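Data first, discussion second: the structure below is written as structure tokens.
Read-outs: derived from the displayed coordinates by stated rules, not from any lab. What you see is a predicted model; the values in this text were computed from it and never measured. Backbone-built Cβ (ideal geometry, glycine too); neighbour counts: all protein chains shown.
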Number of protein chains: 2
Amino acid sequence: MIENVVLIGAGNLATQLALAMHENGTRVKQVYSRTIQSARELAGKLKCEYTNDLSKLITEADIYLIAVKDSAIQEILENLYLDCDKLIVHTAGGVPMNVLDGFTLNYGVFYPLQTFSKNRKISFSSIPICIEANHPSNLIALQEFAGRLSDSVHQISSDERKTLHLAAVFTNNFVNHFYTIGAEILQDKKLNFDLLKPLINETAAKIGKMDPVEAQTGPAKRNDQPTINAQLKMLHDRPEFQKIYSFVTESIFQAHKKHNHDLL
Amino acid sequence: MIENVVLIGAGNLATQLALAMHENGTRVKQVYSRTIQSARELAGKLKCEYTNDLSKLITEADIYLIAVKDSAIQEILENLYLDCDKLIVHTAGGVPMNVLDGFTLNYGVFYPLQTFSKNRKISFSSIPICIEANHPSNLIALQEFAGRLSDSVHQISSDERKTLHLAAVFTNNFVNHFYTIGAEILQDKKLNFDLLKPLINETAAKIGKMDPVEAQTGPAKRNDQPTINAQLKMLHDRPEFQKIYSFVTESIFQAHKKHNHDLL
């Protein structure tokens, strides 16, 4: 059973994960960050050790959780000095499990499919945690470990995780960018972004109950050219928004033409 | 005070509006729809009269609420046979108030900034209702009328409403299309869309507390070219998604370059 954790990373995900483990009684023994202040800050919340030196990681932990940005994983691995049977796990959506191969005999992935901010506390209990391991016994250990944090634990392959990560880019990163565009459009006319928030919430809540293709509304779906043209014209001083508007409108129209055709 | 309503329309918005009015004791006296079945169905829920003939609208109502799609408003107006002092109001985001000019002496707009479905009941109390009127006395009447449904009533000009509608297209229609794309990407690999729902909800909930530009994460913001290229490659059999991915990624990158520059 996984009891003692060394956490490698002190960013958004590492912070939220550490706080959630701390709450459920899983012991984070040490926090590593390249930046000593970040390590100290998070360790302070957990009342544990911290370091910015990978050669000083404590050796008696049950798991080494690498929660750093994708591009930093390789460098971390190359600088670990651990016994070759230590369980090492990364938390990245887009990175295959086999990057860990050759660094230890026991490894896996622990990918919480959620967006994290350092200062926004989040309840883990309904977050899907996607796990993968190189060996059934590691999978069982990860299953139990993840199950302490969430009721939604899924065994997901590296290929499947890559697909989930891509879909998450559309439904989180790209969606958030459209919130930003909405906010800017209002700001240009001194209108309050709060006016859009109930709409934004309902748009998300709706697909809890409805297929998103069924939930689609608006001028693009109806191919309402007068409205589309008027809105494009309103964006004349924002050519980058205009371009996105055209592409997404066309994509919605095509998707619904196809959807309606499929229903025939 | 507005007590008796004639509702012109029986679609998503008309239905939800009627049910909300019915609940707060505002009397919907009659429902009109071009399609008699739709009129009958909604009138059945409200226990009121219905018609599909504009010449048969009852004449003793305090307000005639036009809740039909934008492109149908003009035709409705041209076929109304009402006294010239009747209060007529439309509910469209993208249509200016002055389309009502010449059809009556008393008119205005009542635009609830929300997405509606026929079969998804919605609480009106926090929906921003944007009102506009041709005369202060009509504005006061609409203010009181809207205040019975919502705690968030705002006097908004036609120009401002047009801007809100445009921002709503980005944050509702376009966002929902990205939910659809996410669902399709998962479906292609037989993965369950439910896995994305907590992420989608948190993405929306987050901007209740954070500026969306601050909430942005992901490969586009970091300009993480290896991930961006890998994801574009995954979309090789979906050229239309690939195109959108490229454009939105570029737009996020540009927006954050600008944002970071503005912060210097």
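For residue B:189 and residue B:229, what does the FRET efficiency come to when R0 = 30 Å and r is the distance between their Cβ atoms, rounded to the nearest 0.05? Can you show the working numbers first?
Details: r = 20 Å, r/R0 = 0.65.
E between residue B:189 and residue B:229, to the nearest 0.05, is 0.95.
The label point for residue B:84 and the one for residue B:101, both projected 7 Å from the Cα toward the Cβ, are 1.6 nm apart. Label-to-label distance, residue B:214 versus residue A:37, with points set 7 angstrom from Cα along the beta-carbon direction: 1.8 nm. Charging the Cβ of each Asp and Glu at -1 and of each Lys and Arg at +1, and nothing else, the dipole of region A:52-109 about its Cα centre rounds to 140 debye.
Kindly work out what percent of the DSSP beta bridges joining two residues of region A:4-156 are antiparallel, to the nearest 5.
On the way: 6 of 29 bridges.
Of all bridge pairs located within region A:4-156, approximately 20 percent are antiparallel.
Label-point distances for residue B:125 to the equivalent site in the other copies, using a point 7 angstrom along Cα→C-beta, read 2.4 nm when ranked shortest first. For residue B:4, place a label point 7 Å out from Cα along the Cα→Cβ vector, do the same in each other copy, and report the separations in nm, one decimal, smallest first. Spelled out, the distances from residue B:4's label point are 8.1 nm. With its label point put 7 Å out from Cα toward Cβ, residue B:36 sits 8.5 nm from the same residue's point in the other copies, in order from shortest.
Estimated purely from DSSP H runs of n ≥ 4, each contributing -39500 (n - 2.57), the mean residue ellipticity at 222 nm for chain A is -14000 deg cm²/dmol once divided by its residues.
Quick check: the distance between the Cα centres of region B:232-264 and region A:102-143, to the nearest angstrom? When both Cα centres are located, 28 Å separates them.
Within 10 Å of the Cβ of each residue in A:154-161, the mean number of Cβ atoms contributed by other protein chains is 2.
Order A:234-242, A:122-130 from most to least packed using the mean count of other Cβ atoms within 10 Å. All intermediate terms of the calculation are to be shown ahead of the outcome.
Working: A:234-242: 14.6, A:122-130: 19.3.
In descending order of packing, they fall as A:122-130, A:234-242.
For peptide B:108-116, the mean count of partner chain Cβ atoms within 10 Å of a residue's Cβ comes to 3.
Once the other residues with Cβ under 14 Å from the Cβ of residue A:37 are scored (Lys, Arg +1; Asp, Glu -1), what is the net sum?
Values: positive: A:34, A:40, A:45, A:118; negative: A:41.
Around residue A:37, the surrounding residues sum to +3.
DSSP loop chymotrypsin sites (Phe, Trp or Tyr not before Pro) in region B:50-114 with at most 14 other Cβ atoms within 10 Å of their Cβ, which ones? Here the chymotrypsin sites (Phe, Trp or Tyr not before Pro) that fit, given the DSSP loop and packing criteria, are B:81. Our note on the geometry: Cα centres of region B:157-208 and region A:145-180, 15 Å apart. Extension gain, residue B:118 to residue B:72: 0.36 nm times the residue separation minus the Cα-Cα distance gives 14.7 nm. How far, in whole Å, is the closest Cβ of chain A from the axis that maps A onto B, and which residue does it belong to? Nearest Cβ to that rotation axis, in whole Å: A:204, 2.
Just to be sure I follow the definition: excluding the sites themselves, where is the longest run in chain B that has none of the trypsin sites (Lys or Arg not before Pro) in a DSSP loop with at most 16 other Cβ atoms within 10 Å? Value returned for the longest uninterrupted segment is B:122-188. Of all DSSP beta bridges confined to the protein assembly as shown, the antiparallel ones make up roughly 20%. Could you give the angle, 0 to 90 degrees to the nearest 10, between helix B:175-188's Cα long axis and the longest principal axis of the Cα atoms of chain B? Relative to chain B, helix B:175-188 is tipped by roughly 50 degrees.
Note down the Stokes-Einstein diffusion coefficient of region A:1-153 in µm²/s, whole number, using a Kirkwood radius over alpha carbon pairs, 20 °C, and 1.002 mPa s. Numbers along the way, then the final one.
Details: Rh = 15.1 Å.
The estimated diffusion coefficient comes to 142 µm²/s.
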